[in-house]
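**Q** Mind looking over this structure? Questions follow.
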Amino acid sequence: MQRHLKVVAVQSHAPSESGAVAGIEVDAVTEAELKENGFRSTRRTKLICTIGPATCGFEQLEALAVGGMNVARINMCHGTREWHQMVIERVRRLNEEKGFAVAIMMDTEGSEIHMGDLGGAASVKAEDGEIWTFSVRPFGTPRPERTINVNYDGFAEDVKVGDDLLVDGGMVRFEVIEKIGPDVKCRCTDPGLLLPRANLTFWRDGSLVRERNAMLPTISSKVVTCFPFLLFEFC
């Protein structure tokens with residue numbers, strides 16, 4: 001990635017006998033900070049912003065960069081390759097045209113248990129006391145109400161009645177109340193918004209069930225399919 005940098009003159013606090021002024025290369029954000037706050041006040045913390053549908057436009061990306069974004073993170077669990085490529089191109093264009101030096105972070109999908117795509121909905125509200133079905137079965141269109149696909153084939157075999165099912169680390173909580181073949185019926189005990197591809201974790205007797213992911217491969221097949229795309233874009 002080409003970085004557009006500007007040379008800024010900085011006077012040392014202990015100038016040499018010749019009175020020489022040092023020159024350093026900085027990007028547009030750092031230059032603005034230097035002008036406003038001085039050299040010693042420039043921040044060392046880097047800001048990583050996850051880019052989604054609401055922030056992927058060129059104007060939105062520019063606003064994030066002006067606000068201090070150092071790294072644009074793209075979560076490859078979501079979106080298509082075409083969308084990923086579009087965001088990459090816009091960040092590169094932002095750097096080229098506006099003088100920023102925003103890096104790009106590609107976060108590949110790990111070996112986790114995830115929900116499906118919610119039938120195309122952007123989000124679905126789970127209310128307290130509602131009964132939801134989590135299943136590895138494929139569903140037609142329209143799918144049954146309050147039914148969610150799970151990406152782990154051993155889901156129904158591993159989970160036990162009484163387990164707590166947490167969505168996105170606790171944004172929504174369910175209790176497993178029944179297992180019927182590949183279907184796991186759960187009651188919502190802590191309501192909230194369900195988002196597509198959210199990760200699932202399980203708790204039993206107040207402890208995280210860590211072995212739930214033990215049978216999943218360290219590098220999933222989906223990660224392997226990302227490699228050609230990443231090599232083409234960044235190598």
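**Q** Averaging over every viewing direction, what projected area does the convex hull of the Cα atoms of the stretch 118-205 cover, in nm²?
**A** 5.2
**Q** When you count, for each residue, the other Cβ atoms within 10 Å and take the mean per peptide, how do 44-57, 64-77 rank with the highest first?
**A** Averaged packing, sorted descending, gives the order 64-77, 44-57.
**Q** Go ahead and run the numbers for FRET between ALA103 and SER207, Cβ-Cβ distance against an R0 of 45 Å, rounding to 0.05.
**A** 0.75
**Q** Hey, another quick one. Please report the relative contact order for the stretch 118-205, taking Cα pairs under 8 Å with a sequence separation of at least 6, and give it as a percent rounded to a whole number.
**A** Computed over the stretch 118-205, the figure is 37 percent.
**Q** Say R0 is 22 Å: what FRET efficiency, to the nearest 0.05, do ARG81 and ASP168 get from their beta-carbon distance?
**A** 0.40
**Q** Give the long-range amide H neighbours of ILE113: residues separated by 5 or more places, or on another chain, with amide H under 5 Å away, using H modelled in the peptide plane at 1.01 Å from N.
**A** Under 5 Å from the amide H of ILE113 lie the amide H atoms of LEU200, each far enough along the sequence or on another chain.
**Q** Of the peptides 193-200, 86-93, how do they stack up when ordered by the mean number of other Cβ atoms within 10 Å, highest first?
**A** With the highest mean Cβ count within 10 Å placed first, the list reads 193-200, 86-93.
**Q** What are the ³J(HN,Hα) values, in whole Hz, obtained from phi via the Karplus relation 6.51 cos²θ - 1.76 cosθ + 1.60 with θ = phi - 60°, for each residue of the stretch 120-125 in sequence order, with x given for Gly and Pro?
**A** Going residue by residue, I get x, 6, 5, 6, 9, 8 Hz, with x marking Gly and Pro.
**Q** In whole Hz, with x marking every Gly and Pro, tabulate ³J(HN,Hα) for the stretch 83-100 from phi via Karplus 6.51 cos²θ - 1.76 cosθ + 1.60, θ = phi - 60°.
**A** Those phi angles translate into 5, 4, 5, 4, 5, 4, 5, 5, 5, 5, 5, 4, 5, 6, 8, 10, x, 8 Hz.
**Q** Here's a follow-up. Lys and Arg at +1, Asp and Glu at -1: add these up for the other residues within a Cβ distance under 12 Å of ARG90 and post the number.
**A** -2
**Q** Another one. Between the DSSP loop rule and a limit of at most 15 other Cβ atoms within 10 Å, which chymotrypsin sites (Phe, Trp or Tyr not before Pro) in the stretch 97-205 are left?
**A** In loop regions of the stretch 97-205 (DSSP not H, G, I, E or B), the sparsely surrounded chymotrypsin sites (Phe, Trp or Tyr not before Pro) are PHE139.
FYI, it's all coordinate maths here, none of it is from the lab. Fair warning: this is a prediction, and the values are worked out from it, not measured in the lab. Cβ coordinates were reconstructed from backbone atoms using ideal geometry, including for glycine residues, and neighbour counts include every protein chain displayed.
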